[in-house]
Amino acid sequence: MSEASGQSMTAANLPATPEPGEPPGRRQPAPDDGRPAMDTHVPLPEPADPQDLAERDRRKRVRGLLVEAEQWMQVRVKHPDGGERTVKQTLDDEDAQRDQITRETALRNSRKHRRLPRWQRWIPKFVLFFDFCLLLYFFAGVTNVDWQSPLSMSLAFATALAGMVTVLAYGFLAFTGHRMRSHKNHAGTVHLDELDGLTKAAFATAMTVVTVVAALMFFRIHVEVTGALGPGAGASALVIPLAVAVVSAVANYLVVLIHALDGSDEVHRMEKLAAATHGPARKASRLRRRATRQASR
């Protein structure tokens, strides 16, 4: 009986056997608010920082602007020396040409590359216009244009003749000036004895053209003055046409001088290089400025 009572007491004092599938220490206590329990061992994703997203978007826009600017710098353009080169290569050629001009100006105190004032560079264009007007007036008299009804074949023929003579004469005068400019020295002058044979021939022909145009003006104005004043014109019939002829000759000779003395071949090459890259380089510069503003925000 003591054994039986000992066995019953031992069994009563033993702890209860845990249920299968319930490892000790893993059971979560039921929450008081009725919501399901959450496993604290699973990490939760942290919310993205809005400032970080904005920063990455800003950097992306900056990189995009810089890439687009570099693409514009790789565009191929017509090179003044012939063929095509990229905008960046052409700008490098412009910088090299500018360095050469700067060195010659600084070391040799050269006046060769100096440009004329802007108003003087406009003179050949005005001379071109007035030459056309005077030649049109001359050829209109030759073709007997009736100014009371000027719209006729006579006026069209006179206009064609005046335009042809004006363009050819101006073109040859400009060509002569450009040839003389290539012989310009560092003192900023051109000596006739230093010209090559072709340039000397062009200069002589240009002076002949100037003289012929002046003679045409003289005879045309002489006829008009004589017809207007009659036999009593006297000295006016000579002075007025001569003055017009001299002014015409000086103006056309000035076209040669302005083209010869306005800068140098190196300066005009540099300007052509700059003009070839003006559009793409300006767009690339604008994109870089936008990138700089975006980066500084």
The farthest towards the positive end of the charge dipole of region 86-137, of the residues Leu135, Ser110, Gln89, given +1 on Cβ of Lys and Arg and -1 on Cβ of Asp and Glu, is Ser110
When Ser152, Ser296 are arranged by how many other beta-carbons sit within 10 Å of their Cβ, fewest first, they go Ser296, Ser152
Here the residues of region 126-161 lying in the modelled label zone of Ala243, meaning backbone nitrogen under 18 Å from a point 7 Å along Cα-to-Cβ, are 134
Here FRET efficiency (C-beta to C-beta, Arg61 to His183, R₀ 51 Å, nearest 0.05) is 0.40
Cβ density ranking, 10 Å radius, fewest first, applied to Lys184, Lys125 yields Lys125, Lys184
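Quick check for me: using +1 on Lys/Arg Cβ and -1 on Asp/Glu Cβ, what's the dipole size of region 102-174 about its Cα centre, in debye to the nearest 20? Could you put the intermediate results ahead of the total?
On the way: 9 positive and 3 negative charges, 200 e Å.
Rounded to the nearest 20 debye, it is 960 debye.
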On the formula 1/(1 + (r/R0)^6), with r taken between the Cβ atoms of Asp95 and Glu70 and R0 of 22 Å, the FRET efficiency rounded to 0.05 is 0.75
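Could you list Trp147, Trp72, Trp122 in order of exposure, starting from the residue whose Cβ has the fewest other Cβ atoms within 10 Å?
Listing Trp147, Trp72, Trp122 from fewest to most nearby Cβ atoms yields Trp147, Trp122, Trp72.
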Taking max minus min of the Cα coordinates of region 163-262 on each principal axis, largest first, gives extents in Å of 54, 29, 21
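Since every read-out is calculated from the coordinates, none of them should be taken as a lab result. Since the model is a prediction, treat every value here as computed from it, not as a measurement. Quick reminder, even Gly has a Cβ in these numbers, built from the backbone with ideal geometry, and neighbours come from all protein chains shown.
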